[in-house]
Amino acid sequence: MADSDQGADRVFSDANFFEWNFSIKANSSPWSVEEGMTQLLAHESAEGFARPLAQAVQADAQVIHELGKRRTPTALAALRGFQAMSTIDTQRELAQANADLLVQEGQPDPPWASTIGRVRVDGCWWAHDQFNETALVLCAFSYDGDDAHAILALIDRTLGGGLVREITLNMDVDMLLDFLRDAHEDGEDFVNEPLDPAYARRLIEDAIATSDELLEDRQFRLRGMPAAYRKMRALTLARARALSDVAAPPEPFPTTVEIELLKQNFLASGAASGLPANPATSRAVDLLVTHFIEDAACHPLHLGPRRIEAVLGLPTLSPDQIDDPDVGKILPEVADAWIAWTAAERGLDSDATARLEEAADEARLRPSSAEPEGDGTT
């Protein structure tokens, strides 16, 4: 059989499977439909094997087209499910257009069609360490008090837009709130605060975008990805869209001019007064700041222990790997001074500053890995 015939059979079979699922959900609550749809959109087998996301997106688009050609109530219901839950904007629009055509032709909308996804946001909170390297984001929802539920995401913010390390759905919102209030890491109590829904949306969407990218990139071997990540992904993104019309804008990243001013201010500060006033020191500052920006993807002032360990532990910053021996020799002193200066600029207390300094010491004591950067475990 030709590949095109096999592909058509697969699309036909997938569309049948969606219709069968929605025949079961015909008179369910919108919340029950969402719970089922997020698992369908995971494209994950019972054994935990999942289609690559790019293939899953293409398969969903083909199924939407196929469902649009079927004049059945279950096809219409499945299209309404895609309209509410698809992770792709254009697919939600395509599903709606196909569903609306079926309604115009006389097919009855499912009873939940007008309410699915129209949840009330009952609250957003977060807990984070003082360096903003780890964040716990909790968002609670309900259908006007019914089917209350909350999503709790643990986000590692030291990598790109953040990485989803854990994700939990629970109907007991109070239990998750208690967990959030007790959150701590390495003996440090987290800061607990209410969270602006638009900012929560950005944190969640950015973290899922980064997680998707690294999950699909074979250069990376992600550790600690939540077992429920694929099954929770569509529901989590749908709830993120319900938080606000648009996500909060990202924190402004310093421009090239602002970065140069930061370097000048550092070199003129008391923290740098013990450093030699020579070109090697300036080049060492350039090298250090460039690595914080490009490798840690962070503002060079907003450092935390893990970002410091990640950058100072890079093989390329080992003294024997730096082309200019004068730069390699002065770099450890420059790094210590930069860390102390950024801590003072941010108003960190002595304990927090000590943690940053300890991280720098540990990074230098740890043997540098010769493994290529892209092949590392994240």
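The values are calculated or read from the model by the stated rules, or taken from the named source; none is laboratory data. Note that this is a predicted model, so its numbers are computed, not measured. Neighbour counts are summed over all protein chains in view; Cβ atoms, including those assigned to glycine, are modelled from backbone coordinates with ideal geometry.
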Among the residues of the range 163-185, the number that are basic (Lys, Arg) and under 20 Å from the mean Cα position of the chain (by Cα) is 1
| query | For the range 227-246, does any single residue satisfy the condition of being in contact with a Pro (Cβ under 7 Å, 6 or more places away or on another chain), in a helix (DSSP H, G or I) and either assigned by TED's automatic domain parsing to the domain that holds Ala42 or modelled with pLDDT of 95 or more (or both)? | reply | yes
Residue pairs within 7 Å by beta carbon, gap of at least six or interchain, first lying in the range 78-91 and under 11 Å from Phe22 (Cβ atoms), second among the basic types (Lys, Arg), listed first then second, are Phe82/Arg92
Within the range 193-220, of all residues that are part of a loop (DSSP other than H, G, I, E, B) and either modelled with pLDDT of 85 or more or of a type in the set (A, V, I, L, M) (or both), the one surrounded by the most Cβ atoms within 10 Å (Cβ to Cβ) is Leu195
For the range 107-125, pairs from a residue that is touching a residue at least 12 places away in the same chain (Cβ under 8 Å) and under 23 Å from Arg201 (Cα atoms) to a residue that is in a loop (DSSP other than H, G, I, E, B) and not acidic (Asp, Glu), with Cβ under 8 Å and 6 or more apart or across chains, are Arg120/Gly145; Cys124/Leu195; Trp125/Leu195
Of the conditions (1) modelled with pLDDT of 95 or more; (2) surrounded by 13 or more Cβ atoms within 10 Å (Cβ to Cβ), the single one that Gln104 does not satisfy is (2)
Arg223 fails exactly one of (1) at pLDDT 95 or above; (2) part of a loop (DSSP other than H, G, I, E, B); (3) basic (Lys, Arg), namely (1)
State whether one or more residues within the range 181-192 are part of a helix (DSSP H, G or I), touching a strand residue (DSSP E or B) at 6+ places or on another chain (Cβ under 7 Å) and surrounded by fewer than 18 Cβ atoms within 10 Å (Cβ to Cβ). yes
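Yes/no per residue for (1) among the hydrophobic types (A, V, I, L, M, F, W, C); (2) surrounded by fewer than 18 Cβ atoms within 10 Å (Cβ to Cβ); (3) at pLDDT 95 or above:
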residue: Ala296; (1), (2), (3): yes, no, no
residue: Pro300; (1), (2), (3): no, no, no
residue: Trp338; (1), (2), (3): yes, no, yes
residue: Ser369; (1), (2), (3): no, yes, no
Scanning the range 280-297 residue by residue, the ones that are more than 22 Å from Glu309 (Cβ to Cβ) and either touching a residue at least 24 places away in the same chain (Cβ under 8 Å) or touching a Pro at 6+ places or on another chain (Cβ under 8 Å) (or both) total 3
Considering the range 247-290, residues that are outside any loop (DSSP other than H, G, I, E, B) and small (Gly, Ala, Ser), and then whichever is surrounded by the most Cβ atoms within 10 Å (Cβ to Cβ), we arrive at Ala284
